[in-house]
Structures are given as C-alpha cells and as structure tokens.
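Asks: Here you go, one structure.
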Amino acid sequence: MYVFPKGLYADIRIEHSKTAAYTVQNGEVKQNSETSVTGAMIRVYDGKMWYTGVTNDTDKIQEELDGLAALAEPDPDIENVPVVKMFEVHKDKVLRFDGDNDVRKITRKQREELLQGYISACVDEDIPELKQWYAGYSQAHIIKEFYSSKGAEIVQDYQQCGFWVWFDFVVNDIKTSGGRSFRGMDFDKLFGHEQEVIERRDRYLDFAKNAVDVTPGDYVCVLAPAVTGMFTHESFGHKSEADFMLNDKTLQDEWVMGKKVGSDLVSICDSGDMLHRGYIAYDDEGTAPRETWLIKNGVLTGRLHDANSAATLGEELTGNARAQDFGYLPMVRMTNTYMEPGDISHEEIIAGVDDGIYVYNVNYGTGQGTFTMQPNCCYRIRNGRLAEPLRVNVVTGSVFRTLFDIDAVGNDMEFCDTSTCGKNGQSMPVSDAGPTIRVRKLTIN
Amino acid sequence: MERELITSRYLYRSVKIKETKINTFSKDERTDRSFRVYDGEYAGVQFVQGMADEEEQFAKAAENLSLKRPYKFALETGTRHRDKTERGYTDRELMDIAHEAVEYLKTHHPDFIISGEIYVSTSTKAIKNTLGLDLSNTDSTLDIEIAFKHKDSKDIDDGWFSIGQRDFDFKKFTDMADNYLTNFTNRVELPEELIIQEQYYGYLGKLNECLNAENMALGTSLLSGRIGEKVFADGFTLTHDVSDKETWFTPFFDGEGVVQPNDRRVFIENGVLLSGYADKYTADKYGVPHTGSAGINMTDIPYNGYVNLRIERSEKTVKELLDGRLTVVPIIAAGGGFNDKGEYVTPIQTAMLCDGERFIGRLPEFAIKGNMFDMFGRDFIGVGSDDPVFNDKQILMRMQYSK
C-alpha cells in the first residue's frame, strides 16, 4: 500500500476524527456544531534524526514520505539501530466503538435532550445566589491507522462523550464556581446522574456561603479519591515518564529500580488497556499497552517508555508513546494511572485526624519535584470530623518526601475519567484513580 | 443571503532538541476554513480543515441555517491587509541556526542538559464577505524555546527561556542564554523586599475574566458595578492593542471583522475602569459599549473574548523604575494562581535574583501572594520602556512571601 524507502525506518499515522459539541449558558445555546477532520503524520528515521511531516491530504502521503526520505541519510543497517529494533510489529484491527455504542450515531436531538434533561432537573434559577450557569456536551470518535516500514498494520478506534453542568454563585460580591462533569465511552451511561449534579450544586452553594480562608501552614491532609488520582498523577506519575532522565546520570541514580520511594502502603500502576479515558489498543508507535507497576509497596518497580527511552535505558517497552493527534509527535505519556486501594474506610481515615484538612476537589495540578494542586473545595477536620468549608489556594509537597508521608490508604478507589494532562504543549486524555488517603504533611496556602 | 469566509493558514517548520542534540526536523502546513452564510436572522456555519470545494461547503453552511444559530447583526465592510513578515528562512537556514544554538550551549554551558525547539511559524488569518469585507493579517517569527536542567539537579527540569524574533539576531539569543545559565548555580538569599519582574501575560488572566462585560453585568466579576471608579494605580493603563507595535500574530480585526480605530481600545485609563469588553451580541444584550471583542469561532457563531491586553509602558526603563532595588524573576512558577476573591498565591519552584537586567544568582524555593487590586494598585511599580531579561515587556510589582 505504501512504498517505504530503503535504509530508513518510517511510520505513518492516519487519523479520522468526528466531533460534536452542544453548550448552553444561562438558557442560550452557545455552540451546536459538528466537525470532521482527517490528517496524517509521516515520520522517517535514519538512525540519527527524525524527519516528520503532517498533511490533511491522505492522497499525498506517499509523496510526503518520499520527500522526507530525500532529506534523510539512509543506513543499510537501519533494522539494527536500537530504537528501530524496539518497535513492535502488529497486524491488528481493534474497533470497539463501531457498533451500537458508536457515538457518531448519536443525533443532535439526542444530545440536546440529554443536556436539556439535566438543565431542567438541576438548574434552579430561584436560588438567589445563582448568577450564571453553564451546561455542555461534547463527543469525539477517532479512527487511527498505523503503518510502519517494519510491517505494522494497525487500525484502532477511540471515543469519548460527556457532559457538564456548572454554576456561578455570588455571595458577598465573591463568585464561587463549581459543578459536576461526567465523561465516558458509552452515551447511555451519561443518563441518570441528576442527584449527583444536584448534590454538587448544593455543596458549592454551601461553600460559597460558609467558606473561610485557611491559615497558611503545614497540615495533615486527607485527600478524596478524585484528588488522590490527581495527586498520584502529579506527585509521582510524571517522574515515572522515562523521557526526562535519558542521558542524565543524576536522575538515573535517583530513580534506580528497587529504591524505596514511598511508604509500604503505596502501590501505583499505569495501564492503557483498561476501558477508561486513557485507553489505547496500541500506542502511537504501534506498541501494545502493558500493565506497568511503577511502585509496589513503596518500592520503585517500573517506569513508562516510548521506544527511544526503552532503548536508551535498556528496559522493556510499556506502550506509553502517545500523541495528542496526527499533528503531534508521540512522547512518553501516562494512560490510566491509579493508586492501589487499601483496606480501611474513608470514615476511619478522617476519624484518625485531630486537626487537619480534607481536600474534596481540585481544579488542576502540576508535576515538578515540588508538585502542586489547586483545590476548589476543602474542609477543616477537627477531632476526627469534617467541620467548616475552607478556601485554600494551593497545596504543595515534595515528591521526595510526600510518598513516605502517606499513612493511610482507603478502600474506596474511584476513577476520575475527566482528566486531561498537559506536557510539552500536548493535551492528552488520561484517567487518574485512587482511594481516600491521608498524608502526614502537605503545605497549604 | 450573504456569505463570509474566515481562513486560518498556519505554516510551521521546527528543529527539536533532546538531551542537547538535534533530534527531529518537522514541518506542518494546515489551512482551516469557516464557511458562513447569513439570512439576517441566523448564521449557518461549516468548518473544514484541508482541501474542499468552496461551493459545496457554502451549500453545507446554508443547510446548517436549520440549526437556527442566532445572528442578526450587520456584517462589516472594508479592506485592509497587514503582513508583519520581515524575512523568510529556508530549511537549511533553520537547521544551521539550530546547530549553531546547540553548539553554543554545549560549549559555553556544558553543565546543563538542554531540550527544546527552534521553529519558524507563519500565520495568516483572513476574513472576506460578499459585502466587500476583505481583511488579512500575516505574521512570521523564528522562535527558540529552551528548557534546561543542571546535570546535578534531581528535578525533571530547572527552568526555561525563550526568544521570538521576526528578524533573528543570534546575539540576543546568546545574551539571554548567558544571563539565564551563567549564575544559575550561584545560590543567593531571598531579598527582604519582594519585587517581582516578569512578563505580565500570566497575571492578566483574572483581569481578562473580570473585564468580560457579561460577567460585569451579571455580578460575577470583581469589577461589577465599578465603571468610572479608580480601581488600580495612577500609572496603570490597560488596553486592547493590536497596533503594529504590539501585535504578535494577533490580527487587527476580531471574529466579526470589526477593526478598532488606531487598532487600540482602552479599558482602564490611569487606574480608572472605563468599560468591559463586548462583542456585538453582548453589547446588544446588556446595553454596554461594543468594543470589537468577538473571538473567531470557526465552528459556530462568534463568542465574546478577543482581547490582546497590554499594560501601557512607563517612560522609564526597568532600571530607572527600580532605582537601585533588586528584583525576583520567577523561572518556574507552576501551580496556584488567582482565586475567586482575586487573591493570588503560587509556589515558585525556580527563581533568580536580578538587578533589573542581569541575573545575580538562584533563589531558594518559596511562595508568593498578593491581591489583584494591590498588584495593579498600590504595589504596581510599572512596565519598563525597555525589554531586558525577556526581550519583551515586563511588569514590576511588589508582592509578599507566603508559606
């Protein structure tokens, strides 16, 4: 089908995406659109450098491939270049979303009815503090083809659909925003969440009325499951992405396998083949995903790789080379990352805190050595019970210390299937998961 | 029925650097088009990326009138074309600059592991309609973005710097690299008085939200009900500025084809709030001034939100504004930000002590706090007339240390 140039490795990644969006703000429809985009990335490697091109015209892929090959310097022994040897060769078609569950079959009317149902049930304009509200639905269906000069031929699909309802409350001239979003792979499962949206609406209204400013300092913190998911992703997940440590002896020594990096209670895993938001049938270099235990009982046991990082560090592929879309180069990214649950309840964990902070929900986080999370809803814990809502700006901790400070891991693991991870200018759908956990010390501002 | 076509064309060629080596040469060229038809009451919109027959796409846009996307406003007219391109770069020239940059960093700063990208990008945005509107804006730069990590550091990276220029001057790049890397391992103490020196775009996000005329009308903005009041410092003037001087890929027209007189609109003058920003719909709905602030929405009707916010420069240089005082320049400040009350807190993972022009040494990790009304009010020192450190405009303001 494609004539691959001699003496070079090359791969072609074609994507066909169809998206739809329907959003409403204060009763007015702000967006009602459908889009369809096809495009391809062509990569050529000569053992020293990559040459890549992007096109929307799939009839010109061969021309693009030949043009890139002309820039490269062929190597007769290209098959034995370490990174090229690493690339897996699969011939497979994995279409999980082309049957009755295909979101492309969802009509505009069905999307509008779903969202209008939630608006009718959950937006109460008689609440005097409610000044603005937003509701939206979006969906995406993507078919990816992958062909390589080593013989890989893969066709896979992916889809997401979801909705959100968001509220702006104003109390004493201060706005508080909060709401609920649901995202998944099955349109039918988006129905029936009205009470969860209403619970969240009422929680943020209560927060708007009663939250007090926190006194900055170090606190014992209990993280709700969704927060633990982000904590897992930010505090350690990014340090498990091996592309940051290549040819860096300091980091290779710091993150050596078998090193104790956290308390015995901490086990963290990444797995791309779970049907959550970070699902992949194959990564964007054609590698099948693995279940990769990054930490087992506090001991460093694995890290995430693309072919280059695995070849450089002499480790096994994990299937974590991912690209935002056909316009971007793949790099090492998380997929579905979770902290393994423990065996005690959420209530028992909170009961063990005399004075601390319960972090209920967060907006976003960052993953340097000092990781951060920006909460949008916290509560004081006094004498083992939740007390007044707290306004907290940012939670920070050090990856080198905090994993050792985890002294309780709950049995209530939840997946957060609404996360998007940013790295080097690329946004990637991921899923984070974890149970309620307790951390002996985090810095609160 | 009138027709309108919005085109966004993007050309990009890049050389990527990994572990202080040239790793990848990439090229990308894409054209997005939004075909739009108007019947006086509604707009029909059809988005296409890549090749497509124009008549077919306009026909699909006409079909989409059935979605009843409201648009009752008169379309714009007028002709203007602006091209800010100063020079072009061949693939060979780009590769040569990349090799020269990597070689310079390897030779002069061998203790750092470097990654990043050197790229040439050219962007054209255009809008035309059957009433005679014909506007286009083109800009092109060569940018170098460098992330650095000291070989002994245990963090993923230690910092970054970037420089974008229309006519690339290698000396400006090496000056910047030397400034960031030469004293990076020189550890210094935090100064008692905390004066932040930084490009200001990141601090304007909250103000952008607050100036949205809809938020102001509905009471969800911290600036609601304060038009005509002095809200910030005397020296604080905030404009939407897409003039030749301040443009940086930003078109001189908004998503409805509206052009501002002199390419400029003042929202806050000498600390006094004049108005929020509004597209035609928002202005009509809330009875507020129309400020030509429609964002380009390629897939649907415009949204309110196109502002290129600029704080007016002082007549004094950064050094003159500082008058002998030292500043703190955040290099990595990830996390935190403004809360709903307008309070700002963020941890600073990497920062340098600076005399306004040259870095003196690296500071320990700390956190800063402030409040929007103080940062642009009593604690606002100014935006210098010159561009040291960043090759771009920068704010000077006092802030406080936090936990």
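Asks: Name the one entry in A:R96, A:R111 that is modelled with pLDDT of 95 or more, of a type outside the set (S, T, Y) and part of a loop (DSSP other than H, G, I, E, B). Reasoning before the result, please.
Replies: On the way: A:R111 fails: part of a loop (DSSP other than H, G, I, E, B).
Unique residue meeting the criteria: A:R96.
Asks: Test B:E100 against the stated conditions and say whether it is more than 10 Å from chain A (Cβ to nearest Cβ), assigned to a helix (DSSP H, G or I) and surrounded by fewer than 12 Cβ atoms within 10 Å (Cβ to Cβ).
Replies: Working: more than 10 Å from chain A (Cβ to nearest Cβ): yes; assigned to a helix (DSSP H, G or I): yes; surrounded by fewer than 12 Cβ atoms within 10 Å (Cβ to Cβ): no.
No, not satisfied.
Asks: Is it the case that A:T366 is touching a residue at least 24 places away in the same chain (Cβ under 8 Å), of a type in the set (S, T, N, Q) and either part of a strand (DSSP E or B) or within 14 Å of another protein chain (Cβ to nearest Cβ) (or both)?
Replies: Numbers: touching a residue at least 24 places away in the same chain (Cβ under 8 Å): yes; of a type in the set (S, T, N, Q): yes; either part of a strand (DSSP E or B) or within 14 Å of another protein chain (Cβ to nearest Cβ) (or both): yes.
So A:T366 fits the description; yes.
Asks: Sticking with this structure for a sec: Taking segment A:12-54, which residues are at the interface with another protein chain (Cβ under 8 Å from one of its Cβ atoms), of a type in the set (V, I, T) and over 21 Å from B:M95 (Cα atoms)?
Replies: Matches in segment A:12-54: A:V29, A:T35, A:V37, A:T38.
Asks: If you don't mind, there's one more thing I want to ask. Does segment B:262-283 hold any residues that are under 16 Å from B:G228 (Cβ atoms) and either outside the structural domain of B:C210 (by TED's automatic domain parsing) or of a type in the set (D, E, K, R) (or both), and which are they?
Replies: First, pick out the residues of segment B:262-283 that are under 16 Å from B:G228 (Cβ atoms): B:266-276.
Within segment B:262-283, B:E269 is the sole residue that qualifies.
Asks: List the pairs whose first member sits in segment B:215-229 and is within 9 Å of chain A (Cβ to nearest Cβ) and assigned to a helix (DSSP H, G or I), whose second member is hydroxyl-bearing (S, T, Y) and buried (at least 16 other Cβ atoms within 10 Å of the Cβ), and whose Cβ atoms are under 9 Å apart, counting only residues at least 6 apart or on separate chains?
Replies: Sorted first by the residue in segment B:215-229, then by its partner, the pairs are B:N215/B:S221; B:N215/B:S224; B:L218/B:S224.
Asks: Out of (1) out of contact with any strand residue (DSSP E or B) (no Cβ under 9 Å at 6 or more places or on another chain); (2) not in a helix (DSSP H, G or I), the odd one out for A:V266 is which?
Replies: (1)
Asks: Inspect segment B:144-161 for any residue being hydroxyl-bearing (S, T, Y), assigned to a loop (DSSP other than H, G, I, E, B) and surrounded by 15 or more Cβ atoms within 10 Å (Cβ to Cβ) and give the result as yes or no.
Replies: Checked against the condition, which is being hydroxyl-bearing (S, T, Y), assigned to a loop (DSSP other than H, G, I, E, B) and surrounded by 15 or more Cβ atoms within 10 Å (Cβ to Cβ), segment B:144-161 yields at least one hit.
Asks: While we're looking at this one, here's another question. For segment A:369-397, what are the residues that are assigned to a strand (DSSP E or B), farther than 21 Å from A:R180 by Cα and in contact (Cβ under 8 Å) with a residue 12 or more places away in the chain? Explain how you work it out, then say what you get.
Replies: Quick first cut of segment A:369-397, residues assigned to a strand (DSSP E or B) only: A:370-382, A:385-391, A:395-397.
Those left that are additionally farther than 21 Å from A:R180 by Cα: A:370-372, A:380-382, A:385-388, A:395-397.
Correct list: A:T370, A:F371, A:T372, A:R380, A:I381, A:R382, A:R385, A:L386, A:E388, A:V395, A:T396, A:G397.
Asks: Right, A:L223: touching a strand residue (DSSP E or B) at 6+ places or on another chain (Cβ under 9 Å), under 29 Å from A:P435 (Cβ atoms) and surrounded by fewer than 22 Cβ atoms within 10 Å (Cβ to Cβ) or not?
Replies: Details: touching a strand residue (DSSP E or B) at 6+ places or on another chain (Cβ under 9 Å): yes; under 29 Å from A:P435 (Cβ atoms): yes; surrounded by fewer than 22 Cβ atoms within 10 Å (Cβ to Cβ): no.
Against the criterion (touching a strand residue (DSSP E or B) at 6+ places or on another chain (Cβ under 9 Å), under 29 Å from A:P435 (Cβ atoms) and surrounded by fewer than 22 Cβ atoms within 10 Å (Cβ to Cβ)), A:L223 does not qualify.
Asks: Of all residues in segment A:105-115, which are under 19 Å from A:I142 (Cα atoms), surrounded by fewer than 15 Cβ atoms within 10 Å (Cβ to Cβ) and either more than 14 Å from chain B (Cβ to nearest Cβ) or touching a residue at least 12 places away in the same chain (Cβ under 8 Å) (or both)?
Replies: At the first step, the residues of segment A:105-115 found to be under 19 Å from A:I142 (Cα atoms) are A:105-108, A:111.
Next, only the ones that are surrounded by fewer than 15 Cβ atoms within 10 Å (Cβ to Cβ) stay: A:105, A:107-108.
Scanning segment A:105-115 gives A:K105, A:R108.
Asks: Against the definition (more than 9 Å from chain B (Cβ to nearest Cβ) and outside any helix (DSSP H, G or I)), how does A:E64 come out, yes or no? Can you show your working first?
Replies: Numbers: more than 9 Å from chain B (Cβ to nearest Cβ): yes; outside any helix (DSSP H, G or I): no.
So A:E64 does not fit the description; no.
Asks: Given the criteria crowded, with 24+ Cβ neighbours inside 10 Å, away from chain B (no Cβ under 13 Å), touching a residue at least 12 places away in the same chain (Cβ under 8 Å) and not in a loop (DSSP other than H, G, I, E, B), does A:D283 qualify?
Replies: Details: crowded, with 24+ Cβ neighbours inside 10 Å: yes; away from chain B (no Cβ under 13 Å): yes; touching a residue at least 12 places away in the same chain (Cβ under 8 Å): yes; not in a loop (DSSP other than H, G, I, E, B): no.
It is false that A:D283 is crowded, with 24+ Cβ neighbours inside 10 Å, away from chain B (no Cβ under 13 Å), touching a residue at least 12 places away in the same chain (Cβ under 8 Å) and not in a loop (DSSP other than H, G, I, E, B).
Asks: In the set A:T396, A:T420, A:T370, which member is under 21 Å from A:V299 (Cα atoms), of a type in the set (S, T, Y) and within 21 Å of the chain's Cα centre (by Cα)? Don't jump to the end; show me each part of the working.
Replies: Numbers: A:T396 fails: under 21 Å from A:V299 (Cα atoms); A:T420 fails: under 21 Å from A:V299 (Cα atoms).
Of A:T396, A:T420, A:T370, the one residue that is under 21 Å from A:V299 (Cα atoms), of a type in the set (S, T, Y) and within 21 Å of the chain's Cα centre (by Cα) is A:T370.
Asks: A further question on this structure: Working carefully through the options A:I437, A:I349, find the one that is more than 10 Å from chain B (Cβ to nearest Cβ), aliphatic (A, V, I, L, M) and over 24 Å from the mean Cα position of the chain (by Cα). So that I can check it myself, show each step before the final result.
Replies: On the way: A:I437 fails: over 24 Å from the mean Cα position of the chain (by Cα).
Checking each option against the conditions leaves just A:I349.
Asks: Now for a separate question. Restricting attention to segment B:322-336, does a residue exist that is within 14 Å of chain A (Cβ to nearest Cβ), touching a helix residue (DSSP H, G or I) at 6+ places or on another chain (Cβ under 8 Å) and within 30 Å of B:F58 (Cα to Cα)?
Replies: Taking every residue of segment B:322-336 in turn, none turns out to be within 14 Å of chain A (Cβ to nearest Cβ), touching a helix residue (DSSP H, G or I) at 6+ places or on another chain (Cβ under 8 Å) and within 30 Å of B:F58 (Cα to Cα).
Asks: Just one of B:I22, B:I6 is hydrophobic (A, V, I, L, M, F, W, C), under 30 Å from A:Q252 (Cα atoms) and not in a helix (DSSP H, G or I); which is it? First the steps, then the outcome.
Replies: Values: B:I6 fails: under 30 Å from A:Q252 (Cα atoms).
After ruling out the rest, the residue left standing is B:I22.
Asks: Just one of the numbered conditions (1) within 29 Å of A:M274 (Cβ to Cβ); (2) within 9 Å of chain B (Cβ to nearest Cβ); (3) among the hydroxyl-bearing types (S, T, Y); (4) surrounded by fewer than 22 Cβ atoms within 10 Å (Cβ to Cβ) is not true of A:T443; which one?
Replies: For A:T443, the failing item is (1).
Asks: With respect to B:Q197, determine if the residue is under 23 Å from A:T370 (Cα atoms) and touching a Leu at 6+ places or on another chain (Cβ under 7 Å). Step through it out loud before you land on a result.
Replies: Details: under 23 Å from A:T370 (Cα atoms): yes; touching a Leu at 6+ places or on another chain (Cβ under 7 Å): yes.
Judged against the criteria, B:Q197 is a match.
Asks: If only one of B:K60, B:K16, B:K72 is basic (K, R), within 30 Å of A:K30 (Cβ to Cβ) and either part of a helix (DSSP H, G or I) or within 9 Å of chain A (Cβ to nearest Cβ) (or both), which one is it?
Replies: Details: B:K16 fails: within 30 Å of A:K30 (Cβ to Cβ); B:K72 fails: either part of a helix (DSSP H, G or I) or within 9 Å of chain A (Cβ to nearest Cβ) (or both).
Residue meeting the stated conditions: B:K60.
Asks: Please verify whether A:V81 is in the same structural domain as A:K18 (by TED's automatic domain parsing), under 31 Å from the mean Cα position of the chain (by Cα) and of a type in the set (V, I, T), treating the condition exactly as stated. Steps first, answer last, please.
Replies: Details: in the same structural domain as A:K18 (by TED's automatic domain parsing): yes; under 31 Å from the mean Cα position of the chain (by Cα): no; of a type in the set (V, I, T): yes.
So A:V81 does not fit the description; no.
Asks: May I pose another question? How many residues are farther than 13 Å from A:A40 by Cβ and of a type in the set (D, E, K, R) when one looks only at segment A:137-159?
Replies: Counting residues in segment A:137-159 that are farther than 13 Å from A:A40 by Cβ and of a type in the set (D, E, K, R) gives 3.
Asks: Hey, among the residues in segment B:291-320 that are crowded, with 22+ Cβ neighbours inside 10 Å and outside any loop (DSSP other than H, G, I, E, B), which one's farthest from the other protein chains (Cβ to nearest Cβ)?
Replies: Within segment B:291-320, the match that is farthest from the other protein chains (Cβ to nearest Cβ) is B:V318.
The values are calculated or read from the model by the stated rules, or taken from the named source; none is laboratory data. Computed from a prediction, not measured in an experiment: that's the story for all the values here. Using ideal geometry, Cβ is built from the backbone for each residue, glycine included, and neighbour counts are taken over all protein chains shown.
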